[in-house]
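What follows is a short report on a single structure.
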Amino acid sequence: MSEEFTPGERILVVRCTDEHDPLPAGATGTVRAWNPTPWLRQLAVDYDPPHDHRRLMLTLTDGADIVEKL
């Protein structure tokens, strides 16, 4: 089974594929919510400055966005 996340865990963005305004690789944050539904696998994150104004959810399905736990 693929990696699971718990609210409060710290993550590092390895790749963000948002077509309009992607987060840069290396952005960090704290998991706010995790939707493990196999067809969605969506991660809500409270990002650290300077990206703390962002509310972009990361989609971890089919290698779209990639994160690592810190």
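A compact table of results
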quantity: Long-range HN-HN contacts of Asp18 with modeled amide H, under 5 Å; calculated: Leu23
quantity: Largest-first ellipsoid semi-axes for the range 14-70, taking √(5λ) over the Cα gyration tensor eigenvalues, angstrom; calculated: 17, 13, 10
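Laboratory data are not the source of any read-out in this text; all were calculated from the coordinates shown. Owing to the predicted nature of the structure, the values given are computational and were not obtained by experimental measurement.
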